[in-house]
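Colleague: This is the structure I want to talk about, given as structure tokens.
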Amino acid sequence: MKGLRPAVSQRATNKAVPLFGYPHEQPPPGALDLQVSVAPTLSLLNDRLVAQGDTDDLDLLIQAVHTAVGRTVTQTQMLGGYVARDGRAWPCHLEITPVVHATLPGHPGSWLHAHLMVGPTARAVDDGARYDIDRGSLYDVLDSLYSTFRRSIEYRTTDAFRNRELHWGPPRASAPFEILVPPLHQELDTTEHFREPCTGLWDQQHEIWLLPTADYRAETRRREQRAAQRPWAGPAHPEERVYPFG
């Protein structure tokens, strides 16, 4: 799926608007359900804090997730906020409602993830009329949105949990980042980083787009397999890692 060519001299805006009022309302028919998960070790940390009754740190964790989700909504609008009109992609105000969800059907414990519910239509910036969104423009940026979300999560949680000496890094060569300090990565029951979609939140099922895309996931696995055949010195020291944004 490829997005339409943008209209000349038309750039996306950073202003999205809510699609519906959660939790009292349901998404409308035709809404897209963009789903992105935190690292498995962050869900383990969530379970540990719940078991310990540590409400202060639990609040910090949830706030970090919500902040990362908010940044991802902004990036979704800026990178993929277009409607299809006259064979071109025109900037629009996407209608997006984000929902942070803590469980995944069939998975024990918590599995923190976000649903970005995107409306099937939106109002164009230039004329205010409503058109179908350009789904191709949105699909083209799913992997970039995933990177935005994950890096923001890592930055925000590292900052929020300075008292805990929380550090992220790859548990294996070329693997996606997990929490290495404390060593929660050692408690994972699988090296599979990506999980199946969540279908347990809405009364009516919607078209689900997982972040990242299937191609990104497959390339991640291939990269890990290739890296496993070479010597590895281990992850970089936390002070050597750079987070380009928050």
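Colleague: Taking only C-alpha pairs under 8 Å that are 6+ residues apart, what is the relative contact order of the chain in percent? Could you put the intermediate results ahead of the total?
Modeller: Details: 439 pairs, mean separation 65.3, N = 246.
This gives 27 percent for the chain.
Colleague: For the chain, what is the mean residue ellipticity at 222 nm derived from helices alone (per DSSP H run of n ≥ 4: -39500 (n - 2.57); sum divided by total residues; nearest 500 deg cm²/dmol)? Don't jump to the answer; show the numbers that get you there.
Modeller: On the way: 5 runs with 77 residues, N = 246.
Value at 222 nm, helices only, nearest 500: -10500 deg cm²/dmol.
Colleague: Please list, in chain and number order, the residues 5+ apart from THR121 or on another chain whose amide H is under 5 Å from its amide H, with Hs placed from the backbone.
Modeller: For THR121, whose amide H was placed from the backbone, the distant partners under 5 Å are ILE133.
Colleague: If the only charges are +1 at each Lys and Arg Cβ and -1 at each Asp and Glu Cβ, what is the size of the charge dipole of the chain around the Cα centre, to the nearest 20 debye? Write out the running numbers ahead of the final one.
Modeller: Values: 25 positive and 30 negative charges, 179 e Å.
Computed charge dipole of the chain: roughly 860 debye.
Colleague: Just name one of THR157, PRO182, PHE194: the one whose Cα is farthest towards the positive end of the charge dipole of the stretch 151-200 (beta-carbon charges, Lys/Arg +1, Asp/Glu -1).
Modeller: THR157
Colleague: Here's another thing I want to ask about it. Taking amide H atoms as placed 1.01 Å from N in the peptide plane, list the residues 5 or more away in sequence, or in a different chain, whose amide H sits under 5 Å from that of CYS92.
Modeller: Correct list: THR13, TYR82, VAL83, VAL125.
Colleague: Another one. How high is the relative contact order of the stretch 50-164, given as a whole-number percent (alpha carbon pairs under 8 Å, six or more residues apart)? Show your work: numbers first, answer last.
Modeller: Details: 161 pairs, mean separation 36.7, N = 115.
Once divided by the residue count of the stretch 50-164, the mean separation gives 32 percent.
Colleague: Within the chain, which is the longest segment containing none of the GluC sites (Glu not before Pro) that sit in a DSSP loop and have at most 14 other Cβ atoms within 10 Å?
Modeller: Working: sites that count: GLU25, GLU165, GLU192.
Between the exposed loop sites, the longest stretch runs 26-164.
Colleague: Please find, in a Gaussian network model of the chain (springs between Cα atoms separated by less than 10 Å), the residue of THR55, THR157, THR76 whose mean-square fluctuation is greatest.
Modeller: THR55
Colleague: Mind jotting down the three principal axis lengths of the chain based on Cα atoms? Whole angstrom, largest first.
Modeller: For the chain, the Cα extents along the three principal axes come out at 54, 43, 31 Å.
Colleague: To continue, here is another question. Quick one: work out the % antiparallel among DSSP beta bridges in the chain, nearest 5. Write out the running numbers ahead of the final one.
Modeller: Working: 25 of 32 bridges.
Bridges in the chain that DSSP calls antiparallel: roughly 80 percent.
Colleague: For the stretch 1-123, build the charge dipole from Cβ charges (+1 Lys, Arg; -1 Asp, Glu) around the Cα centre, then report which of PRO18, LEU45, HIS66 sits farthest towards its positive end.
Modeller: Towards the positive end, the residue furthest out is PRO18.
Colleague: For the stretch 118-215, what is the largest minus smallest coordinate of the Cα atoms on each principal axis, given in angstrom and ordered from greatest to least?
Modeller: 52, 28, 27
Colleague: Name the most mobile residue of VAL100, VAL50, VAL83, meaning the one with the largest mean-square fluctuation, in a Gaussian network model of the chain with Cα contacts below 10 Å.
Modeller: Highest fluctuation of the listed residues: VAL50.
Only the coordinates and a few stated rules stand behind these numbers; no lab work does. None of the values given here were measured: they were computed from a predicted structure. Neighbour counts run over all protein chains shown; Cβ positions are idealised from the backbone, glycine included.
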